[in-house]
């Protein structure tokens, strides 16, 4: 609810719940208690994300998309030195937004319909190919149960040895054509699909306010990223079970909270 209704902080969300949703809760903690519970609920949130994702028709899609996007936690050198994220967050450059940033980088593997399959949060300098292989190694059943799965990625995931490793695991990688190579059949369609993953990342950063997550510690940033993944998964799950034509649509939630409750 916090992510879908544009509450960028727990305090505003709790204030709204006390005013309008008191009858739904036997007990509402204070902000400090809520923060402590959230930071200890990382495993639970990941379990619920998988539970909802599996209970959709999109889960069995035979095409995956993969990409990463930066999550900014600060820009100044002073912030980078004094923040509790120092050592975890790193400086990097986002070509999509044409800017430098300081923070971690979430990696998302999803279906063309936007359903998150698996994800990771790494430093900016982490290699995308190594991260993807690590994700598949952690969840062996995810790949073993899908022989012949097609994976569409951008140039950061190119590499003959990397493609060979994925092929051995039963995944067919379709990266952009290398310089000097002839375009693959259906290259225009693949380029459109690569734009979809960028659109999904933009949904996280703009509609679900990941750009203003407010995390100042490693556990705080992790749970705030998981907030947004859970919110999108829950919306897709609901749209799927109510036979909505666009599964990733957040139109039903596209409104701001009551004036004064979000600090604006």
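The values are calculated or read from the model by the stated rules, or taken from the named source; none is laboratory data. Here the structure is a predicted model, which is why all the values come from computation and not from measurement. Glycine also receives a Cβ, built like all others from the backbone with ideal geometry; neighbour counts cover every protein chain displayed.
What the table below lists for this structure:
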item	result
Qualifying residues in the range 175-192 (those that are surrounded by fewer than 17 Cβ atoms within 10 Å (Cβ to Cβ) and either in contact with a helix residue (DSSP H, G or I) (Cβ under 6 Å, 6 or more places away or on another chain) or part of a helix (DSSP H, G or I) (or both)) - the one modelled with the highest pLDDT	192
Residue count, the range 18-46 (criterion: under 22 Å from residue 106 (Cβ atoms), in a helix (DSSP H, G or I) and modelled with pLDDT under 90)	3
Number of the condition not met by residue 163 [criteria: (1) in a helix (DSSP H, G or I); (2) within 18 Å of the chain's Cα centre (by Cα); (3) closer than 18 Å to residue 193 by Cβ]	(2)
In the range 47-58, the residues that are crowded, with 16+ Cβ neighbours inside 10 Å and assigned to a helix (DSSP H, G or I)	49, 50, 52, 53, 58
